[in-house]
Every structure is written in C-alpha cells, then in structure tokens.
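Read-outs throughout are calculated quantities, based only on the coordinates presented, and are distinct from any laboratory measurement. Quick caveat: nothing in here was measured; it's all calculated off a predicted structure. Neighbour counts run over all protein chains shown; Cβ positions are idealised from the backbone, glycine included.
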There are 2 protein chains.
Amino acid sequence: MTEFGFIETIRRRFADLPSNAFEGIGDDCAVLPVGGGESLLFTSDLLTEGVHFLRAATSARELGGKALAVNLSDIAAMGARPVATLLSLALPADAAGRWAEEFMEGYHALSARYGVALVGGDTTRSEGGITINVTAIGRCADRCIKRRSDARAGDTILVAGVLGASGAGLRDLLAGRYDTSLAALHRNPEPQVDEGQWLGEREEVHAMMDLSDGLASDLGHILDRSGLGAEVETARIPVAEGADLRTAACGGEDYKLLLTAAPDAAGRLAADFAARFGTPLYPIGRITAGSGVKWLRDGEPVALDWQGFSHY
Amino acid sequence: MTEFGFIETIRRRFADLPSNAFEGIGDDCAVLPVGGGESLLFTSDLLTEGVHFLRAATSARELGGKALAVNLSDIAAMGARPVATLLSLALPADAAGRWAEEFMEGYHALSARYGVALVGGDTTRSEGGITINVTAIGRCADRCIKRRSDARAGDTILVAGVLGASGAGLRDLLAGRYDTSLAALHRNPEPQVDEGQWLGEREEVHAMMDLSDGLASDLGHILDRSGLGAEVETARIPVAEGADLRTAACGGEDYKLLLTAAPDAAGRLAADFAARFGTPLYPIGRITAGSGVKWLRDGEPVALDWQGFSHY
C-alpha cells in the first residue's frame, strides 16, 4: 500500500469517532478552533535513518534543523505562526552522546530564529537506526487559515520560489557528492515561515500548501480536496539553477509554498510579495472546473508521466 | 547520559526561548491556557521495537492499544480529558500490510472507548524495526489541572491501584512465558482515564502523576518538583497478585495514578473513589518537609536500594 493509500484507509476507519471540534486528516495540519477568533494547528513528521537521511551525508546539526524545518513548513503552509514543538528521539548507542548534542544545537538554532518553544517529547534507546518525530503546534486567526480545499475555478496558481534544488541535491548525495551547493540545500531546507503568515493575511489567497512531495503530486492534493482541475504551463515552472524541469516538477522537499489566488488580484499580490520578500511569486497556471493536472507547452496539452516523490 | 539527564540538559538549553504561554518540560504534559478557564495539554511517547516491545511477544493489536494507552495515561495524570492524537509510524516492509492494519484496529478500539479523535500523524518506511510515536492532546478546566509540583508537606500519598503486575509480566515475557495473565496485563495496560478526570475535580487532590517508571522513581519526580520529601510505609504498598514488593515499588508500566491529598480529606476521598470505581485508593505514606523518599518498616527507616525502571 502507498503512504497515501494507508492514510486514506486510516481516515475512513476513524471517521466514526467524534471529531471533538478538530478538523482532522486531509490538510497540512489538523485545526482546532479555541475561541476568540483563533485556532491551534497541529502537524507531525517522522524522519528515519536510511530512508530520509544518511548519517554519513548529513551532519547531526543539519538534521536537527531539517527535522524542525519540515514541520514549521507545514504550519506556515496554512498561514499560521509556529509556537511550540514536541520532539521524540530514538537513538542508537553511537548517537546518544555527541551526535545528540549537535542535533539539539541545530534544533535550537532554528527554534530560536522563529521563537518556537520546545515543550515536550520523549527520548529512548534504539536497537536500529535513528528515528525522529516532531509534532509542531501553530496559532492562527481563523480568518487567515488557508486550506487545500479552498481553490476556486479560475484561480491563478503560484509558487513562492524556484523548484528542483532539493531534488537535484538528493541526486548529488546519492552519487556520493556531499559537498555541492545543491546537496547543502537539500540538507538545509528553509521553511517559508514569514511568507506563509504574510500570505495568510491576504484574502485573495484561497488555497495553500507546502511542496514536500513535488509539484506534480502536491498540486493534485489541492485539486482532489477542492474538487477541481488545473492547467499548468510547463515553461512557467521556475527551475532552480542546477536542476532540470522534470526535477522541478517531480522532485520532493523544496518546501516552497504553492497557492491559488483570485486571478484579478494575483498580479498585485505578487508585486507586494516581491516588495516584502525580495523574491517573486511565480504564476504557473490556473485552476479549472475539470479534474487532475493538464500540463501545457505553449498553450497545448502535452502527455507527461510526471509523478511526485515518495518517501514510503 | 540517562534519559532524565538528557531531558534536563535539553530543558536548560531551551530555557532562553520564549514560552509562548506554554508550561513546558517537567510534568506529564505541557499545558497551554486557551482562555475561558480552559487549557489544552500535550504529551508524546515513543515506542521502539526491541526496547519497548518484541514483535514475537506482543500482537499488533495489543501494541496499537498500548501505544495509545501510555499517552492517555499521561493526559489523565493531570486530571484532563483526552480529545485527539497524532500517530506516527515507521514500518519495515514486513509490517506494512496486515500487521499495520491490526495495529490500527487496536488503536481504534481504545480511541473509540474514550471518544478520542485521530487528527494527524505520519507514516514512513523503516530500514530497521518498528517505531511508533503518539502525541496526545487533552482538555481540562484550569482549576482541575493537577501538577507534580503541587504536593504539600503533610499530604497523604495515595496510589489508585495495585502495583507490580506489569513488572512481573515483563519478567514472564523475558523468560519466554507469553501466555501468563501477568504478561497479558503488561501488554494491555489500562490507563485510568475516568479516574484521572474524577480526581482532577477534587480540590483536596494536590499533586498527581502516573506510574510509568515505578513508584521509587516517579514519587521522586513529585518530590523534586515540589521541593519536599516523603515517608512511605513499605507494608502499605499494594502488591498485585503474582508480584513481589520490590517489583511493586521498582517495576515500570503499571500506569496507576499516584497522588497526594490533604490529610484531613484523604479518607473521604478514598471512600468516594471506592464508591465510584469499586476499587480503593491506597494510602502509602505522607509528604514531609525534607527531601527524597524515606522507606519505613513498621514506622522505622530501612535502607533499601530501590530504583525505578528505565527504558533508556
């Protein structure tokens, strides 16, 4: 079974339980309204040695940052501010001392950068490799929460940065080239924490999520949840230096924001974003009344076997 | 470094970060007041194959229940009601199909029993053994939250059930005797979810926690956090059938509640508890102005090398 297949099975199996006011599985985070026009948001990500990282290719400090970054990205993807995390670490004997301390330094540095508290977790011995689970908690005004399910037909589709650098970096790492700039980008993702909150404040932004599994896969989640389709002009996908178009569309772990916005406001939104952050929002296509992604080349449909990236 | 040593190192290292209104590391759960006289509570527990369980000795269904139970116990230990969980699973190929489905059945059954929603999580492949992380979220009226730090000199110390069954069951499991009733108790802990909320409502209850690492270790946490000592009459420790006194005091994973209560109200509290739940609250000693645990035999101090149980 694929990861998404298993998650969908679980979602259906647990649908008979009370929601206790939570919006649960199906978006980047679970959402709990707490009154006063505010909600709390919750997300968990699990990293396992040999699947998400190789100890030889990633320093403990880098991994401490990355384990937190991927969770902060999920919080930002809904327009929220990260406020706290719980960290669980299963450590084999050879990672329990110095390695663990350096991991915590990387985790601390990124926590400090965004003012995120560490409020709990668990540590245990591991008989296998290192396993890391982070649960992140965010806060957001209800009116600012951006969901995958809120795309509207006609919306402009935008991405908040260039794509493919992380995928190209992973290619370098798997080839044993640990010291390239792309490999460094793969190990040190920058979650768009400020950008996500800024976009959350903008009413013309409808749907939003972060690109963790690749555009080809993740855009599909917005379409599935919104019951709509999309046309994407492949020449408009912003390709990172050193990456190719296919990696930009299918590679994982770029952690850039993907959003849809009212078409008449998208130009102004992008201009304001560029003025605030110094980088563009790239329009790559539009939401349609259909289903699935239609890839275009110079306005004409092209058949592409692009698939997302899977850790499963 | 021990688990508690590492956690204390982390707590100090992260003390420079903003709390964002959380009460963080140091109790069974982190606590976040959300207004309206209510708080949310958060806890995470990590279980790893070969350390917390052996696949040959524990069914997938039992483990699904236990992974949730230990977290519900932490929520109940502060007087709160569990409302939701996030579940992260790292699964090797030979546990990804049937094993995972049966695990989810056990998790579902206990979730349904207490009306707890499953609102998120993560699933991934594992190159080693099975690793499970659960983050549980609870809700509680602020006035009902019971902390480790709230014991008072003179308080009566009580435990909400007999001790040592789980430790004796673990002994059976490690000897290859998987089919004893004690081994079954070890694999199927019953968190005191209703009892914890009932005790939370009682003002005469001051400090509370759950017994996961054994009385000898866990009572020490109440004393450390409250800046007090204790005298425990060893003959009053309630020993489960099939266990011995030392296992009752030092064995882990009984998941019974340990509490301190105003001495003039403790008798009435125990009587009301017995009327409500059909089982006693056992008074085992009293909180003193000193520090550490003094074990007594017929009122006289005895030197015992009792230590808690550690998974680290």
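Brief remarks follow.
- Structural descriptor for segment B:148-301: relative contact order 43 percent, calculated from alpha carbon pairs under 8 angstrom and at least 6 residues apart.
- Computed from backbone phi, the HN-Hα couplings of segment B:294-301 come to 9, 8, 10, 10, 6, x, 10, x Hz, rounded to whole numbers (Karplus: 6.51 cos²θ - 1.76 cosθ + 1.60, θ = phi - 60°; Gly and Pro given as x).
- Angle in degrees between helix B:165-174 and the longest Cα principal axis of chain B, rounded to the nearest 10: 40
- Mean partner shielding of peptide A:85-98, defined as the number of other chain Cβ atoms within 10 Å of each residue Cβ, is 4.
- Compactness of chain A was expressed as the Cα radius of gyration divided by 2.2 N^0.38 Å, which yields 0.98.
- Mean ellipticity per residue at 222 nm, deg cm²/dmol - from DSSP H runs of n ≥ 4 across chain B, formula -39500 (n - 2.57): -9500 deg cm²/dmol
- Relative contact order (%) - criterion: Cα under 8 Å, at least six apart; region: segment A:3-144: 34
- Protection proxy ranking for A:14-20, B:65-71, A:297-303, B:113-119, using the average of other Cβ atoms within 10 Å per residue and placing the highest first: B:65-71, B:113-119, A:14-20, A:297-303.
- Exercise: per-residue mean of other protein chain Cβ atoms within 10 Å, A:35-46: 5
- Inter-part distance where segment B:111-128 and segment A:106-158 are each reduced to a Cα centre, Å: 17
- Other copies of residue B:154: label-to-label distances in nm, shortest first, labels 7 Å along the beta-carbon direction: 7.4
- Loop GluC sites (Glu not before Pro), segment A:168-266 (other Cβ atoms within 10 Å of the site Cβ: 16 or fewer; DSSP): A:201, A:203, A:241
- Cα long-axis angle, helix A:266-277 against chain A (0 to 90 degrees, to the nearest 10): 30
- A from B by rotation - nearest chain B beta carbon to the axis, in Å: B:128, 1
- Tally of Lys pairs whose C-alpha atoms are under 18 Å apart, taken over the protein assembly as shown, 8 or more apart or cross-chain: 4
- Across chain A, Cα pairs under 8 Å and at least six residues apart give a relative contact order of 21 percent.
- With its label point defined 7 Å out from Cα along the Cα-to-Cβ axis, residue B:175 lies at 6.0 nm from the matching points of the other copies, in increasing order.
- The mean number of Cβ atoms from other chains found within 10 Å of a Cβ in peptide A:108-121 is 6, as a whole number.
- Other residues lying with their Cβ under 12 Å from the Cβ of residue B:134 contribute a combined charge of -3, Lys and Arg counting +1, Asp and Glu -1.
- For a modelled paramagnetic label at residue A:178, 7 Å from Cα along Cα-to-Cβ, the residues of segment A:45-61 in reach, with backbone nitrogen under 17 Å, are A:49-61.
- Karplus (6.51, -1.76, 1.60) ³J(HN,Hα), θ = phi - 60°, over segment B:221-229, in Hz, Gly and Pro reported as x: 5, 4, 5, 4, 6, 9, x, 9, x
- DSSP bridge orientation in chain A - percent antiparallel, rounded to nearest 5: 75
- Selection among A:140, A:106, A:77 by position relative to the dipole of chain A gives A:140 as farthest towards the positive end (Cβ unit charges, Cα centre).
- By average C-beta atoms within 10 angstrom, highest first, the peptides B:5-11, A:275-281, B:48-54: B:48-54, B:5-11, A:275-281
- Among B:169, B:161, B:97, the largest mean-square fluctuation in a Gaussian network model of chain B (Cα springs under 10 Å) belongs to B:97.
- Position residue A:12: other-copy label points at 5.3 nm, ordered by increasing distance, label point 7 Å along Cα→C-beta.
- Only the Cβ atoms of Lys and Arg (+1) and of Asp and Glu (-1) were treated as charged; on that basis the dipole of segment B:12-144 about its Cα centre amounts to roughly 140 debye.
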